[in-house]
Amino acid sequence: REIQVASDVALWKGTSLTEEDRHLFLSIMAQLTTFDVQRGDETAETMQSLFTAPEIKQYLKRLTDEEALHTWSYQFIIENMGLDPEDIYTRYRRVPSMKARVDMANDISAMVEDVMFAQMTRARSGDGPVGWTKREKQILLYAMVFWFCCFEGIWFFLNLAGPIQNLARQSKFINAAEQFQYILRDESQHIRFGVNL
């Protein structure tokens with residue numbers, strides 16, 4: 001709320017934007033809201049239960065909180081600009097490329113959940129090794145590369161943050177771009193931490 005969006009609202013309601021600008025902005029907002037909700041859920045529901053080291057658990061809790069704050073920032077922009085929230089929040093179901101990304105992320109999270117279930121089953125029954133098998137470590141590494149590098153690094157930075165910053169360089173959506181700069185700062189820390197794991 002510290003960043004005013006009045007000039008972005010006036011821009012959206014005015015006539016200077018092209019249809020391509022409008023389409024790009026709506027597409028970015030639809031992807032960001034969907035992906036950050038998904039990222040927060042994946043961290044809270046999957047990743048946090050896999051690690052026992054307190055410093056990693058604390059980091060993942062912070063990541064979950066930040067993803068919720070980012071989603072709230074997008075909601076603030078969407079509501080203040082008078083965009084149709086239902087269109088934005090459900091677009092991933094109608095756009096094949098967005099749906100494919102969501103499905104891919106869900107499939108990867110499901111693989112990690114299967115690993116978690118296998119570990120709990122072994123621990124309860126006393127059968128098999130306690131700890132991580134080689135295959136389970138590979139699945140976890142695959143998931144972490146996906147979430148920290150592909151999902152955050154490629155999809156967020158290149159596909160979403162880059163276009164909004166480019167619009168701002170053209171004097172469009174300057175206030176939204178300023179909010180994105182704070183979010184980019186947070187995301188940079190996530191990627192650096194994920195690579196260091």
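Of the residues that make up the range 70-90, is at least one of a type in the set (D, E, K, R), more than 22 Å from Leu184 (Cα to Cα) and not in a helix (DSSP H, G or I)? Yes, because at least one residue in the range 70-90 is of a type in the set (D, E, K, R), more than 22 Å from Leu184 (Cα to Cα) and not in a helix (DSSP H, G or I). A single entry from Ile154, Ile164 fulfils the requirement of being closer than 18 Å to Ile183 by Cβ and free of Cβ contacts under 8 Å to residues at least 12 places away in the same chain: Ile154. Can you tell me which residue is nearest to Phe180 (Cα to Cα) among those in the range 83-125 that are open to solvent by 60 Å² or more (accessible area, probe 1.4 Å) and small (Gly, Ala, Ser)? Here the residue is Ser97. Scanning the range 130-178 for residues that are open to solvent by less than 10 Å² (accessible area, probe 1.4 Å) and at pLDDT below 85 returns Trp147, Phe148, Phe151, Glu152, Phe156, Leu160, Ala161.
Scanning the range 115-146 for residues that are touching a residue at least 24 places away in the same chain (Cβ under 8 Å) and within 12 Å of Leu50 (Cβ to Cβ) returns Val115, Met116, Ile139, Leu140, Ala143, Met144.
Identify all residues within the range 3-24 that are part of a loop (DSSP other than H, G, I, E, B) and under 25 Å from the mean Cα position of the chain (by Cα); write none if there are none. Those that are part of a loop (DSSP other than H, G, I, E, B) and under 25 Å from the mean Cα position of the chain (by Cα): Ile3, Gln4, Val5.
Do you know which of the residues in the range 54-74 that are polar (S, T, N, Q) and open to solvent by less than 70 Å² (accessible area, probe 1.4 Å) is farthest from the chain's Cα centre (by Cα)? Among those that are polar (S, T, N, Q) and open to solvent by less than 70 Å² (accessible area, probe 1.4 Å), it is Ser73.
The values are calculated or read from the model by the stated rules, or taken from the named source; none is laboratory data. This is a predicted model, so every value here is computed, not measured. Note that each Cβ is placed from the backbone with ideal geometry, even for glycine, and that neighbours are counted across all protein chains shown. Heavy atoms of the whole protein, side chains included, go into the accessibility calculation; ligands, DNA and RNA do not. Shrake-Rupley method; radii C 1.70, N 1.55, O 1.52, S 1.80 Å.
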